[in-house]
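Visitor: One structure coming up, written as structure tokens, with questions to follow.
The values are calculated or read from the model by the stated rules, or taken from the named source; none is laboratory data. All figures in this text were calculated on a predicted structure; none of them were measured in a lab. Methodologically, a virtual Cβ is constructed for each residue, glycine included, from the backbone with ideal geometry; neighbour enumeration extends over all protein chains shown. Please note that ligands, DNA and RNA were not included when accessible areas were found on the heavy atoms of the full protein model with its side chains. Shrake-Rupley method; radii C 1.70, N 1.55, O 1.52, S 1.80 Å.
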Amino acid sequence: QVQLVESGGGLVQPGGSLRLSCAASGSIFSFYGVGWYRQAPGKQRDLVARITSGGSTIYADSVKGRFTISRDNAKDTVYLQMNSLKPEDTAVYYCSVQVFGTDYWGQGTQVTVSS
């Protein structure tokens, strides 16, 4: 059973920064791609960024140049550095990994960008 735990969310003013962490049980992140997603109230869950096992990354157009996804295989943790935050970045952020065809999700961490 894969367990993911997100942390690092909170309340931040526009233009501020946060770093989210996604920790996994067991050494799985070095073998699988990991994605960060977000879901705002009343909206669907969308991909924000993804990093492959080889370190390649993709980003949603809305966060390019502001967010950076990275991984520390030794700590089995994936990070999402979020800079220049905007009110429209407010959402619950989830990390996810697919292992043998099964999608695993964390419980989510709330990010609120407001003055």
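Visitor: Please compute the per residue accessible area over segment 50-115 with all protein chains in place, 1.4 Å probe, rounded to a whole number of Å².
Guide: With the other protein chains kept in place, segment 50-115 gives 51 Å² per residue.
Visitor: Once the dipole of segment 1-70 is set up with Lys and Arg at +1 and Asp and Glu at -1 on Cβ about the Cα centre, which of Gly15, Gly54, Gly35 lies farthest towards its positive end?
Guide: Working it through, the farthest residue towards the positive pole turns out to be Gly15.
Visitor: Shifting gears a bit: How large is the dipole of the chain about the Cα centre if only Lys and Arg carry +1 and Asp and Glu carry -1, each at its Cβ, rounded to the nearest 20 debye?
Guide: 160
Visitor: Okay, next question. Over the chain, what percent of the accessible surface lies on carbon and sulfur atoms, probe 1.4 Å?
Guide: So the carbon and sulfur contribution to the accessible surface is 47 percent.
Visitor: Pop the C-beta distance of Val99 and Thr57 into the FRET formula with R0 = 22 Å and round what comes out to the nearest 0.05.
Guide: Calculated transfer efficiency: 0.65.
Visitor: Per 10 Å bin from zero, what fraction in whole % of the C-alpha pairs of segment 33-81 is there, up to the bin with the longest pair?
Guide: Result, from short to long distances: 26, 52, 20, 2 percent.
Visitor: Now for a separate question. Per the Kirkwood definition applied to all pairs of different Cα atoms, how many angstroms is the hydrodynamic radius of the chain?
Guide: 14.0
Visitor: For segment 1-63, take the alpha-carbon Rg, divide it by the Kirkwood Rh, and send me Rg/Rh.
Guide: Rg/Rh: 0.99.
Visitor: In segment 67-115, how does Rg compare with the Kirkwood Rh, expressed as the Rg/Rh ratio over alpha carbon atoms?
Guide: 1.04
Visitor: When only C-alpha pairs under 8 Å and at least 6 residues apart count, what is the relative contact order of the chain, in percent?
Guide: Relative contact order comes out at 37 percent.
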